[in-house]
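Asker: Please find one structure pasted underneath; my questions will follow.
The values are calculated or read from the model by the stated rules, or taken from the named source; none is laboratory data. In this text, all values refer to a predicted model and were calculated from it rather than measured experimentally. Note: ideal-geometry Cβ built from the backbone for every residue, glycine included; neighbour counts use all protein chains shown.
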Amino acid sequence: MTAQRLDGKATAALIRAEIAAEVAARTEEGETKPGLAVILVGDDPASQTYVRNKRKACADVGMNSWLHHLPADITQDDLLEDIAELDSNPGVHGILVQLPLPKHIHEEAVLHAIDPLIDVDCFHPENVGRLATGHPRYYPCTPYGVIELLRRNGHDPAGKEVVIVGRSNIVGKPLAMMMAQKKTAANPTGCDATVTITHTRTQNLADVCRRADILIAAVGKPAIITPDMVRPGAVVVDVGTNVVDGKLIGDVDPRVAEVAGALSPVPGGVGPMTITMLLLNTLRAAQQLDV
Ligand code: NAP
């Protein structure tokens, strides 16, 4: 079997076209352009690339974006002051702090300082709590991207066995919540799936993974998901990004394509979806703030 390719680039392009149309309609009606402020601390090359890609994506759909590039030795107080300034700017509908931050800065203190109304990454505890209780303000970008990638390629998770490898606050945990939640008017992205979360203490990981109709790898270990861990015909989503010998590879061994029914590539799978959901959250923030 050769797996269906879950093409994140193509799916993201469709959603970005929808976003661009909404942004254009908004601005034609005289409303402000949605705007995303990105804070980058220090000179990490990978972070610089991520930020460049996010700002280009904003420009492509007609949104404003601003970069606050701050020195690596900035104090936490000065960074918090910068965030407070952006919070009070009415043209800023979303703030994103590019992670990781330098070690002397307390990441949680910074993320919690962002006004939840413009926390388009959905990391603030108020937004996480709303998500957990089924009344989301925003959906976190990577889990949201995984779910849209599945749904828009014909794989509705409703009623399916979903196994997630990884339980981080950024990917595994919120994705598990969204997958397990009931779909309601207040929570249209709820997936109604039956969900298992796995991690480093999981016994017999391969056996658990083989139960999955939909298997999602969010680990950060190259090719940790091997063909023997995949039930023939299962749908596999690879969130992992690992650089090996200068090449970007995922958490899923490419030979899984011979067993799976569908597989997302790395690169070109979840990555473009994540940025796209950030754009969508920024548009939704502008719509909520400007009423
Ligand atoms: P993380 O915070 O390091 O979490 C990794 C998770 O994997 C942990 O829960 C860990 O379990 C689990 N794990 C590690 N080794 C394992 C093993 N041998 N068996 C079972 N579980 C294991 O990473 P993350 O932030 O979730 O990111 C995961 C990957 O996704 C990374 O490669 C990251 O770069 C990528 N990513 C991609 C995107 C994108 O847009 N494409 C976005 C975000 C992240 P414990 O909890 O027990 O330690």
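Asker: Looking at (1) surrounded by fewer than 21 Cβ atoms within 10 Å (Cβ to Cβ); (2) in a helix (DSSP H, G or I); (3) not hydrophobic (A, V, I, L, M, F, W, C), can you tell me which one GLY145 breaks?
Answerer: Status for GLY145: all satisfied but (1).
Asker: Step by step: first the residues of the stretch 193-217, then only those that are of a type in the set (Lys, Arg) and away from the ligand (no atom under 11 Å from the Cβ), then the one that is nearest to ALA260 (Cα to Cα). Which residue is that?
Answerer: Top of the filtered list is ARG210.
Asker: Return the pair list, or none, for Cβ contacts closer than 6 Å from residues in the stretch 219-239 that are closer than 23 Å to MET273 by Cβ and in a strand (DSSP E or B) to residues that are polar (S, T, N, Q) and near the ligand (Cβ under 10 Å from one of its atoms), at least 6 apart or on different chains.
Answerer: Partner pairs satisfying both residue conditions: VAL237/SER264; ASP238/SER264.
Asker: Continuing with this model, one more query. Kindly indicate which of LEU280, LEU289 is among the hydrophobic types (A, V, I, L, M, F, W, C) and in contact with a Leu (Cβ under 9 Å, 6 or more places away or on another chain).
Answerer: From the options LEU280, LEU289, the qualifying one is LEU289.
Asker: Sticking with this one: Would you mind stating whether ALA218 is crowded, with 21+ Cβ neighbours inside 10 Å and in the same structural domain as THR241 (by TED's automatic domain parsing)?
Answerer: Working: crowded, with 21+ Cβ neighbours inside 10 Å: yes; in the same structural domain as THR241 (by TED's automatic domain parsing): yes.
Considered against the rule, which asks whether it is crowded, with 21+ Cβ neighbours inside 10 Å and in the same structural domain as THR241 (by TED's automatic domain parsing), ALA218 comes out as yes.
Asker: So, in the stretch 167-187, of the ones that are more than 8 Å from the ligand (Cβ to nearest atom) and aliphatic (A, V, I, L, M), which residue ends up surrounded by the most Cβ atoms within 10 Å (Cβ to Cβ)?
Answerer: Residue satisfying both the conditions and the ranking: LEU175.
So that you can scan it fast, the table gives a plain yes or no per residue for (1) of a type outside the set (Val, Ile, Thr); (2) out of contact with any strand residue (DSSP E or B) (no Cβ under 9 Å at 6 or more places or on another chain):
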{"residue": "VAL236", "(1), (2)": "no, no"}
{"residue": "GLY240", "(1), (2)": "yes, no"}
{"residue": "VAL244", "(1), (2)": "no, yes"}
{"residue": "VAL270", "(1), (2)": "no, no"}
{"residue": "LEU280", "(1), (2)": "yes, yes"}
{"residue": "ALA285", "(1), (2)": "yes, no"}
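Asker: Residue under question is VAL38, and the condition is that it be at pLDDT 95 or above and in contact with a strand residue (DSSP E or B) (Cβ under 7 Å, 6 or more places away or on another chain); does it hold?
Answerer: Answer is yes for this residue.
Asker: Continuing with the same structure: Tell me which of these ALA286 doesn't satisfy, since it passes every other one: (1) touching a Cys at 6+ places or on another chain (Cβ under 7 Å); (2) away from the ligand (no atom under 16 Å from the Cβ).
Answerer: Only one criterion in (1) touching a Cys at 6+ places or on another chain (Cβ under 7 Å); (2) away from the ligand (no atom under 16 Å from the Cβ) is unmet by ALA286, namely (1).
Asker: Now a separate question. So which of GLY190, GLY220 is within 9 Å of the ligand (Cβ to nearest atom) and not basic (Lys, Arg)?
Answerer: After applying the criteria, what remains is GLY220.
Asker: Moving on. Just to confirm my filter: which helices (runs of 4 or more DSSP H) fall fully inside the stretch 15-133 and include at least 3 residues that are buried (at least 17 other Cβ atoms within 10 Å of the Cβ)?
Answerer: So the answer is 45-60, 76-87, 125-132.
Asker: State whether the residues of the stretch 149-166 include one that is out of contact with any Asp or Glu (no Cβ under 8 Å at 6 or more places or on another chain), assigned to a strand (DSSP E or B) and within 15 Å of the ligand (Cβ to nearest atom).
Answerer: Yes, that holds for at least one residue.
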